[in-house]
Amino acid sequence: MNGKNEKFNQSQKITSRNYKEARRSLFDTYPSKHLFNNHDKRVKEIRYCAICGRQLTRYRVKDNKYETIVKHFKLDNFDGFVPLSICWDVRYCGGHLRTKEKKEDLKNKEA
C-alpha cells in the first residue's frame with residue numbers, strides 16, 4: 001500500500017494498518033449506502049462490521065425488536081452482492097482492530 005491510488009487486494013487480511021484502504025474499496029464497490037443512527041429500530045437482524053467485526057446491532061428481548069448500538073452504514077449493490085454493514089466512523093474500526101490485535105498478541109505470548 002505505497003501509493004494512494006493503489007487498490008486494496010481483497011485477499012489480504014484486514015489489519016489496523018490497511019483498514020482505510022479496505023473501507024475505501026467497499027465504498028467504491030457498493031454505490032448505495034444507508035445510514036443507521038444509534039437506537040435506530042429499522043434494523044431486522046444482527047449486523048457486524050465487515051471491516052473490524054464489531055457488533056453493530058443487538059436484539060432486545062424485552063421489546064422483541066432489534067436496535068442499533070453503533071452508528072453505521074449499510075452498503076447495498078443491486079448486482080447480486082451481499083449487503084454489508086460497516087462502522088460510520090473510520091476511527092471506530094481502527095480502535096477496534098488495534099484492541100483485537102493487542103489481545104491476539106497477549107494470547108500468543110502466553111502460549
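Can you give me the relative contact order of the stretch 19-110 as a percent, contacts being Cα pairs under 8 Å and 6 or more apart? Taking the mean separation of contacting Cα pairs over the length of the stretch 19-110, I get 27 percent. Extension gain for Arg60-Arg98 works out to 10.8 nm (0.36 nm per residue, less the C-alpha to C-alpha distance).
Partner aspartates and glutamates whose Cα lies under 18 Å from the Cα of Lys65, excluding those fewer than 8 positions away in the same chain, are identified as Asp40, Glu45. Other residues lying with their Cβ under 9 Å from the Cβ of Pro83 contribute a combined charge of 0, Lys and Arg counting +1, Asp and Glu -1. Picking from Lys62, Lys71, Lys100, which is most flexible by a Gaussian network model of the chain using Cα springs under 10 Å? Largest GNM mean-square fluctuation: Lys62. Residue-wise HN-Hα couplings along the stretch 91-99, as the Karplus relation 6.51 cos²θ - 1.76 cosθ + 1.60 with θ = phi - 60° gives them from phi, are 5, 4, 5, x, x, 5, 5, 4, 5 Hz; Gly and Pro carry x. Take the Cα of Arg24, step 7 Å toward its Cβ, do the same at Lys107, and the gap between the two points is 3.0 nm. Taking 0.36 nm per residue of sequence separation and removing the Cα-Cα distance, the Phe81/Ser32 pair yields an extension gain of 16.5 nm. Summary: within the chain, the longest segment free of chymotrypsin sites (Phe, Trp or Tyr not before Pro) located in DSSP loops with at most 11 other C-beta atoms within 10 Å is 1-77. Within 10 Å, Cβ to Cβ, of Ile51, how many net charges do the neighbouring residues add up to if Lys/Arg are +1 and Asp/Glu are -1? In short, +3.
Every number in this text was worked out from the coordinates using simple rules, so none of it is lab data. Please read all numbers here as calculations on a predicted model, not as lab measurements. Ideal geometry is used to build each Cβ from the backbone, glycine not excepted, and the neighbour counts take in all protein chains shown.
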